[in-house]
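What follows is a single structure, written as structure tokens, with notes after it.
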Amino acid sequence: MKFLFALTVFVTMSLFSAHLFAQNSDASPGKSGSPDQKTSSYFYIDVHHMGPGKVKAEDVAKAHVKDLEVESKYGVHFIKYWVDEAAGNVYCLSSSPDSASVRETHAEAHGLLPDQIYAVKEGTEAVAADTENFYLDVHEFGEGKVKAEDVAAAHQKDLQVQQKYGVNFINYFVDEKAGLVMCLAQAPDSSAVLQTHKEAHGLMPVSITAVKTGK
């Protein structure tokens with residue numbers, strides 16, 4: 001009888017201890033959604049400033065291939081990129097556990113390190129038309145002075161006006177911390193994008209440039 005009682009107590013304590021261990025494991029810091037956890041991914045746009053006339057789309061395509069060969073080592077996935085040949089700027093969109101992993105991938109792949117890396121939230125991507133004529137415009141509101149939900153509302157106003165000017169807004173990207181918004185659109189020219197923004201909500205970009213897209 002004593003043996004049976006002792007066995008029952010032992011089993012009960014063992015099950016209780018196992019339950020506590022499982023609770024503590026699930027509640028450990030950085031379990032999910034933490035930038036420190038390599039299983040989580042966030043969107044980033046990194047920007048390379050090469051200088052006017054110092055970059056060609058075909059050279060960026062070759063560097064992009066090298067990124068793809070290395071990216072899995074760092075848990076990075078390069079999604080697409082845009083090249084402004086006139087100004088010598090390159091914009092790369094990726095998902096990554098953190099910004100350091102993006103930089104490390106570039107460093108090993110080809111050594112061309114970005115000048116800025118922005119942690120961004122993106123909107124819902126629209127279908128691109130068969131024509132090219134891609135434009136990327138940049139809005140700078142200041143640190144902490146823009147919210148993703150406000151940009152989403154402004155984007156809806158753009159969509160209501162865009163057809164009037166022959167514009168097709170593809171997507172937008174928001175870095176709330178930096179207060180920066182990038183809008184990708186197709187248009188007959190840059191002025192059509194500006195006219196759409198002006199009529200839709202009056203929020204004008206600090207720059208707009210023609211870009212070639214790749215992925």
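Miscellaneous remarks
- Gyration tensor verdict on the stretch 103-153 (Cα atoms; rounded if a/c is under 1.5, prolate if a/b is larger than b/c, oblate otherwise): oblate
- Listed cross-link partners K164/K212; K56/K164; K121/K215; K54/K157 are compared with a 26 Å cut-off, the Cα-Cα value being larger for K56/K164; K54/K157.
All of the numbers you see were taken from the coordinates with simple rules; none came from a lab. Remember, predicted model here, so these are calculated numbers, not experimental data.
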